[in-house]
Amino acid sequence: MGMQVTTTIDHELCIGCGRCIKVCPQDTISLIEGKAVVTGRMSLNCGHCQAICPTGAARVGALDPETHSFKTFTMTPGFVPFGGGATPELVSLMASRRSTRNYMDTPVPMDVLHDLVKVGCLAPSGTNCQLWKFGIIPDREGMLKIARLTMDFFSRTNRLAANPLVRLFVPQLREYHRLYAQAVEESIREFKAGGRESLFHGAPAAITISSKPGASCPAEDALLASQNILLAAHSMGYGTCLIGMLVEAVRHDRAIRDALRVLPGERLHSVIVVGVPNEDWKRPCGRMKPEIFNV
Ligand SMILES: Cc1cc2nc3c(=O)[nH]c(=O)nc-3n(C[C@H](O)[C@H](O)[C@H](O)COP(=O)(O)O)c2cc1C
Ligand code: SF4
């Protein structure tokens, strides 16, 4: 879709209030003889005009009319006004979400995974490009296939990092060897002996977020979508965990990229495992004190 203009104004409905012009970030609309008129040649297709028009005259064709239709729950209709009062529940949800590292075998319904993707898409994106792609690993079999490939990658990395000469010349491997190699080695050994699978923590499903070429802030877009997914999943009864280990492996290993269907020119930014948690949190416990300074 790019920057193509898909905005239309119903001239019968337009009362010429100018609200759409004030909020449009791209000067797509002008006021001519008391009516809004689409005059710009570019649009972010952000829908601000549609969101603010009091009469429903402004429409953005590029927007998916099904955006707010979910299979597993009904979104509360209407706009939450500024100061709408949901702060205590929202912050409590943020404080209660934890990275879940123990899961039940229960499969995650496909509808839940699709709804989570749609919730992810409600996140902001740089220039509203939405150049993200969502991959779904729907079952344990798929998870194990990726887990095995990733473990093969880390086995090779461990062998490389074990060589002091390699460590001398490759600083990343020096750090990897110091911080992670031993724990990774033990996890791989345990898994191969039929024990715990600790890459995905035994989760039955995952959502991957990658970007297509051309996005201005692809990593930020993907991580904002990720946070939406993490919070929504918690509220829907599912635990989640981001798997940065796999994101790192994908940067170096073609076979995993292919298995995850990351195409040439695309980049993987986020992997979120999802499942029914086998954990029983009792309370939110807080964070370390942040450093805050005046500028
Ligand atoms: C970018 C990123 C990558 C992460 N990668 C992993 C991972 O590979 N494996 C894992 O078990 N947890 C991973 N985590 C989870 C963090 O360890 C976790 O968010 C942190 O310890 C705080 O705990 P909480 O999420 O329960 O609040 C990752 C988190 C982030 C933000
Ligand atoms: S916000 Fe709606 S009614 Fe107001 S000028 Fe724009 S299209 Fe017309």
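Observations
- Glu220 vs. criteria of a type outside the set (Val, Ile, Thr) and at pLDDT 95 or above: yes
- Count - residues of region 24-39 that are surrounded by 14 or more Cβ atoms within 10 Å (Cβ to Cβ), closer than 21 Å to Asn128 by Cβ and at pLDDT 95 or above: 6
- Some residue of region 20-42 being away from ligand 2 (no atom under 16 Å from the Cβ), outside the structural domain of Ser125 (by TED's automatic domain parsing) and touching a residue at least 12 places away in the same chain (Cβ under 8 Å): yes
- Condition met for Phe200 (modelled with pLDDT of 95 or more, in contact with a helix residue (DSSP H, G or I) (Cβ under 6 Å, 6 or more places away or on another chain), buried (at least 19 other Cβ atoms within 10 Å of the Cβ) and not in a helix (DSSP H, G or I)): yes
- Any pair with Cβ under 8 angstrom, 6 or more apart, that starts in region 74-99 at a residue that is within 16 Å of ligand 2 (Cβ to nearest atom) and ends at one that is assigned to a helix (DSSP H, G or I): Phe79/Ala51
- With respect to the conditions (1) in contact (Cβ under 8 Å) with a residue 40 or more places away in the chain; (2) in contact with a helix residue (DSSP H, G or I) (Cβ under 8 Å, 6 or more places away or on another chain); (3) crowded, with 20+ Cβ neighbours inside 10 Å, Cys241 lacks only one, and its number is (2).
- Looking only at residues of region 52-64 that are within 17 Å of Asn128 (Cα to Cα) and either among the charged types (D, E, K, R) or within 10 Å of ligand 2 (Cβ to nearest atom) (or both), we find that the one that is surrounded by the most Cβ atoms within 10 Å (Cβ to Cβ) is Arg59.
The values are calculated or read from the model by the stated rules, or taken from the named source; none is laboratory data. No experiment lies behind these values; they were computed from the predicted model shown. When we count neighbours, we look across all protein chains shown, and the Cβ atoms used for this are built from the backbone with ideal geometry, even at glycine.
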